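Trainee: A single structure is presented below for examination.
The values are calculated or read from the model by the stated rules, or taken from the named source; none is laboratory data. Because the structure is predicted, anything quoted here is derived from the model rather than measured. The area values use the complete protein model at the heavy-atom level, side chains included, leaving out ligands, DNA and RNA. Shrake-Rupley method; radii C 1.70, N 1.55, O 1.52, S 1.80 Å.
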Amino acid sequence: MDAVTALKERRSVRKFAGKPVSKEMIEQVVDCGRLAATARNVQPWEFVVVTDQGTRDEIARLADYGKFISSAPVCIAVFCQRDAKYYLEDGSAATQNILVAATALGLASCWVAGDKKEYAEKVRELLGVPDRYTLVSMVAVGYPDGPAPSPKKRGLDEVLHWEKF
C-alpha cells in the first residue's frame, strides 16, 4: 500500500480479532516509528512492545480511555526523554508513523493518550521504564474484528485556506 492510501485509509479501531501479530510485522511498525521526524534529530524515543495478556490487562485497567488494549494482541508504548525540548512533538510524530505503518501492513490500530495523563507514571513503572522517560502514547495494534469505522471528516474545502485564513 502506498503512503497516501495508508494515510487516507487509517482509522481508529477498538475491536480486534484474536489473531496474533508476527514479531516481524511489529518490528516493521516500530521501525517506522523510529524513523519519524524529530527536532534537531534528537530521537528522544523508546518503544516498549507489550504482548503479555496480564500486562495489557493492567494497562487497560489504568488507561481511562484504553480499555480495549486488553483485547488487542499488541500494545506499543511510546516513551520520550522528558528533558527533550520537543519530546511531545517527536513522540507524536513517531506515534503517527506507527499508526500509518500498521495500516499499510493490513493491521488495525488506535492511539491512546499518555502524556499528562494520571496513569502515565503507573504505566511507566509497570513497564520498568527509567524515570527520565515519560509516556507519550500507547498504540493498540492487531487485526480488526470486522470493518473499520469510517467517521465523517471535514472536507478539504472546509479546512484549506490559501494565503490567509
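Trainee: I need the helices of the chain that pass two filters: whole DSSP H segments spanning 15 Å or more by Cα along the axis, and mean Kyte-Doolittle score no lower than -1.0.
Mentor: For the chain, where a helix must reach 15 Å along its axis and average at least -1.0, the hits are 23-34, 87-104.
Trainee: Same structure, new question: Which one of Arg154, Arg61, Arg132 has the biggest mean-square fluctuation once the chain is modelled by GNM with Cα springs under 10 Å?
Mentor: It is Arg154.
Trainee: Can I ask one more? Please compute the per residue accessible area over the chain with all protein chains in place, 1.4 Å probe, rounded to a whole number of Å². Kindly include the intermediate steps, with their values, before the conclusion.
Mentor: Working: 9560 Å² over 165 residues.
Accessible area per residue, the chain: 58 Å².
Trainee: Report the gain in length on full extension from Tyr86 to Lys15: 0.36 nm times residue separation, minus Cα-Cα distance, nm rounded to one decimal.
Mentor: 22.3 nm
Trainee: Let me ask something else about it. Measure up Lys23/Lys122; Lys67/Lys117; Lys85/Lys116; Lys85/Lys122; Lys8/Lys152; Lys67/Lys152 against 19 Å on the Cα-Cα distance and list the ones that go over. Could the numbers behind the result be given before it?
Mentor: Numbers: Lys23/Lys122 26 Å; Lys67/Lys117 15 Å; Lys85/Lys116 15 Å; Lys85/Lys122 23 Å; Lys8/Lys152 12 Å; Lys67/Lys152 24 Å.
Long pairs (Cα-Cα over 19 Å): Lys23/Lys122; Lys85/Lys122; Lys67/Lys152.
Trainee: If you find the alpha carbon centre of segment 147-165 and of segment 1-78, how far apart are they in angstrom?
Mentor: Rounded to whole Å, the Cα centres lie 25 Å apart.
Trainee: How much accessible area does Lys85 have with a 1.4 Å probe, in Å² rounded to the nearest 10?
Mentor: That residue has around 140 Å² of solvent-accessible surface.
Trainee: Ignoring ligands, DNA and RNA, what percent of the accessible area of the chain is carbon or sulfur (1.4 Å)?
Mentor: C and S atoms contribute 53 percent here.
Trainee: A further question on this structure: Select one label from (1) 47, 40, 29; (2) 52, 42, 29; (3) 75, 50, 22: the one whose number is Cα extents along the principal axes in Å as derived from the coordinates shown.
Mentor: Given (1) 47, 40, 29; (2) 52, 42, 29; (3) 75, 50, 22, the calculated one carries the label (1).
Trainee: Here's something else I'd like to know. So how much slack lies between Arg34 and Asp57, counting 0.36 nm per residue of separation and subtracting their Cα-Cα distance, in nm?
Mentor: Details: separation 23, 0.36 × 23 = 8.28 nm, distance 2.59 nm.
Gain in length upon complete extension: 5.7 nm.
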